[in-house]
1. Of 125, 121, which residue is more than 18 Å from residue 265 (Cα to Cα), surrounded by fewer than 16 Cβ atoms within 10 Å (Cβ to Cβ) and either touching a strand residue (DSSP E or B) at 6+ places or on another chain (Cβ under 8 Å) or free of Cβ contacts under 8 Å to residues at least 60 places away in the same chain (or both)?
2. Which of (1) crowded, with 18+ Cβ neighbours inside 10 Å; (2) within 15 Å of residue 499 (Cα to Cα) is the odd one out, the single condition residue 460 does not satisfy?
3. (1) under 29 Å from residue 139 (Cβ atoms); (2) under 28 Å from the mean Cα position of the chain (by Cα): which one isn't true of residue 223, the others all being true?
4. Going through region 28-79 one residue at a time, which ones are farther than 26 Å from residue 271 by Cβ and assigned to a helix (DSSP H, G or I)?
5. Output yes when any residue across region 91-98 is modelled with pLDDT of 95 or more, under 26 Å from residue 204 (Cβ atoms) and assigned to a strand (DSSP E or B), and no when none is.
6. Residue 277 versus (1) over 33 Å from the mean Cα position of the chain (by Cα); (2) surrounded by fewer than 24 Cβ atoms within 10 Å (Cβ to Cβ): which is the lone unmet condition?
7. Taking residue 207 as the residue in question, decide whether it is among the β-branched types (Val, Ile, Thr), in contact with a Gly (Cβ under 6 Å, 6 or more places away or on another chain), closer than 28 Å to residue 129 by Cβ and assigned by TED's automatic domain parsing to the domain that holds residue 117.
8. Return the pair list, or none, for Cβ contacts closer than 7 Å from residues in region 442-456 that are touching a residue at least 60 places away in the same chain (Cβ under 8 Å) and closer than 17 Å to residue 390 by Cα to residues that are surrounded by 12 or more Cβ atoms within 10 Å (Cβ to Cβ) and not small (Gly, Ala, Ser), at least 6 apart or on different chains.
Amino acid sequence: MTYLPFVVLFLFNVNAQQFPPLNLYIGSGGDFKGAANLPIGAQIPYGTVRVGPDTNDLEDGPTLINRYAGYHYSDTFINIFSHTHVFGAGIVDYGEVGIIPVQATDDTDLKRMISKKHGYRSEFRHETETIEPGYYQVYLDTHKIKVELTATEQVAIHRYTFDQSNENHQHVILIDSSYALPSQPHDGCKQSHVNIDPTTNQINGSILFDGNLSIVFGGLTTYFVIKFNNWTDFGVWTNDVLLHGQTTADGCSSGAFIILPSDQQQVTFYVGISFVSIEQAAVNLEIQTNLQSFDSLREFVQQKWLNELVRFKVDASWNRDGEIKFYTAIVHSMSSPTIWDESNGVYLGFDNKIHIKPNYMEHIYTDLSIWDIFRTQMPFLIFHDSKRANDIIQSIMLIVEQGGYLPKWPLANGYTNCMIGSHADIMISDLITKNEHDSYLNLTQVIQALRIVANTYQIHDSRFDPVTYIKYHYVPFDKDAHSASLTLSYAYDDWAIGNVMLAVGLKDEAQEYYQRSQWFENVFDHERKFFCPRNSTGTILCPETEAEYLFPYDYRYTEGDAWHYRFYVPHNTTRLVQLFDSPANFAEQLNIFFMHSRDWPTTTFPNPYYWAGNEHDLFCVWQFHYANRSDLTQLHSRWLLDHVYTTKPDGIPGNDDYGTMSAWYIFTSMGFYPLAGSSTYLIGSPAFDHITIHRNHGQCTLEIFVHDNSPSNVYVKYVLLNNKTLSTFPFIDHIRDLQCSTEISTIQFDFFMSSTPSSLLS
């Protein structure tokens, strides 16, 4: 981001009324596998810093699964405010550098607070919380302090207002420099250092910590600089020992404190974060804030959000909850992935060296939960913000340059080996097949990376041993227990590679990968009509009982059961329909999958049938099209929008997974959905009467008019594209129908709805 003088930037005041209807509590609740794990707090779009409260009604112990992002709606205690969080991925990482204001009567009181974990925490109520894009406010009931937060890419800005109810109380700010969110007792801080510079009113330091993913590559060091205007006293603590006037402390039970003048009711300070060095954290702080006022910085950040949100408009008087869910999903989708380059273009590479961002990229990105985001989040970015999508793919190719391999799930500057498949293949294919890649993408480098990932063993395990896979044409169960899941994933990946090869003119090589993409049939049981593991002798090993088919943690599958993977052939549903012997039988079984899922009473435990919160099921509702039952796609997709996604804190069906579920909602509510890795979209049932999307920051506009829409009119009679009947219904092509061009500035769809299925389109 380029930071200009603030007098130029602020042309008008941003206030909450200017934002569309939102509920940013959505995704902050839920239990166990129904948890959405979204942090609450302040962040600039795609920003590195996600500053906000970490809550827990348990004072000590590991972080529970529904608090992996730090916050849970049900809690009544704020433990601390930390500065970086994972965005709804079902894992614990980041969350480090904790700060909280307190009012203490004396040193004894202060010692009590730091003598045990979270002894300084405070009660709070949602009635005193304000959550807007880029801004967070809460009142700490225990300490009687109002906390306000905003953030640029790498800087958090805190403002605290102390009640003057007791003049004898000291106004203290605690910096728990060893703080990190743990998931297990051994996780979290590994090394910590803090230093106070009383000549500049600055505190700096670092923390090396392990999270669920960062532990794989040896942990991650976060550097920080905190800038105050003044204080009257300062010190550090180690374990439960307070040391006034001392300037340094080390260890994983240590921190710093400052005491403000007793008559100072309000304080503003700045926390610069870096993954490069303390010096870089100071650079980030200075460049990104220029020590401007809290209100000015808040206005700047919120204007950034408003600039993004005004590009989207939906309207339906009968679906106001849908509007809230849509705009909230937009905010969530733009909260990730994470900007990794810092204010002057430097960043820590996958070779652990410091690099400078290429001039043709606006940002480097990380925290790419590829297993998740390739399905919806990445296609959504390609659809509405192709420049950012190009930067993400370029970021992946920089990882290849620095680390040697395509990543499976990169976090910070490390490979994590999280989840299965090599789905970066599909993200690359999605960009190229839609012809949205720019001239800076080195296609020679791309082709080489795809060849390596598909055919060569990689130390970072992007795929199970490719040599064995190629020998058998499937992953043998006696070589890897996730035989069926892996085989299905690799078939999809190879199809995507074939798409790229074809796009660059390598037709013969494309055909080789297309042939490999058919290998999913090798783990299909033709009698049972399920995908099942197969051992190296050729024996299919399907579940033996009906209950086994419905066990969501079946060891034979990755995060799912036999039903969850029964239809997982997104790239060739046409052939899958044939394997079910007839379109009617396929549609019947797929319909059972959805209808039985409605009987499942809770989201706490995974649905054994269609599981809306699990990634490999996300495409299933669109597969009715291939069996000539578009009406069932329309029926079930609208039902899911209305019943599975809600405006409650648990209103996302599971982890949002860096915007994946939110992007699913966005696409589905607009009435079309991507086949990831291709230029194809599939038509559904729009949830609004009028939808306007200004794409690529004004390059072109998509406008959708939905006629006779209502809660009961969920079926599509016919569709017009630019006032002509859409002859390819129920399919749309990105290049042919949706690509921005200099000739057409507005693309218009008209949907005509009915309460009964159309015999013409089913």
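1. Details: 121 fails: surrounded by fewer than 16 Cβ atoms within 10 Å (Cβ to Cβ).
Result of the check over 125, 121: 125.
2. Among (1) crowded, with 18+ Cβ neighbours inside 10 Å; (2) within 15 Å of residue 499 (Cα to Cα), residue 460 violates only (2).
3. Residue 223 satisfies all of (1) under 29 Å from residue 139 (Cβ atoms); (2) under 28 Å from the mean Cα position of the chain (by Cα) except (1).
4. 32, 33, 34, 65, 66
5. Yes, region 91-98 contains a residue that is modelled with pLDDT of 95 or more, under 26 Å from residue 204 (Cβ atoms) and assigned to a strand (DSSP E or B).
6. (1)
7. When the stated conditions are applied, residue 207 does not pass them.
8. 443/504
The values are calculated or read from the model by the stated rules, or taken from the named source; none is laboratory data. The shown structure was predicted, so the numbers you read here are calculated from the model rather than taken from an experiment. Here the Cβ is made from the backbone with ideal geometry for all residues, glycine too, and neighbour counts use every protein chain on show.
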